[in-house]
Amino acid sequence: MRHFEYRITKHPAEEFTHLVYFCTRTGECEYERLPGDQMSTLEALLNDMGSRGWELVQTFFGENGIVAFWKREIQRADNQ
């Protein structure tokens, strides 16, 4: 049986001031508004966590920032 551990991280809005995933109430999102440096910040976060074995499960975007849910497989003895 596979076993996983989970981690939840928060990332402040200051890192992502014009985030594409923060859409209007009518559902309008503009990808071209995402500045390149913020795209790099998000990419660096994903690559950093991925290099440590974490897989992104879900993200929630809001005006205060991002909450990310991660998981990675862990090795456990067969009797656990």
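Only the coordinates and a few stated rules stand behind these numbers; no lab work does. None of the values given here were measured: they were computed from a predicted structure. Neighbour counts are summed over all protein chains in view; Cβ atoms, including those assigned to glycine, are modelled from backbone coordinates with ideal geometry.
Summing charges over neighbours of G65, with a neighbour being any other residue whose Cβ is under 12 Å away from its Cβ, gives -2 when K and R count +1 and D and E count -1. Taking amide H atoms as placed 1.01 Å from N in the peptide plane, the amide H of V57 lies under 5 Å from those of F69, W70, K71, each 5 or more residues away in sequence or on another chain.
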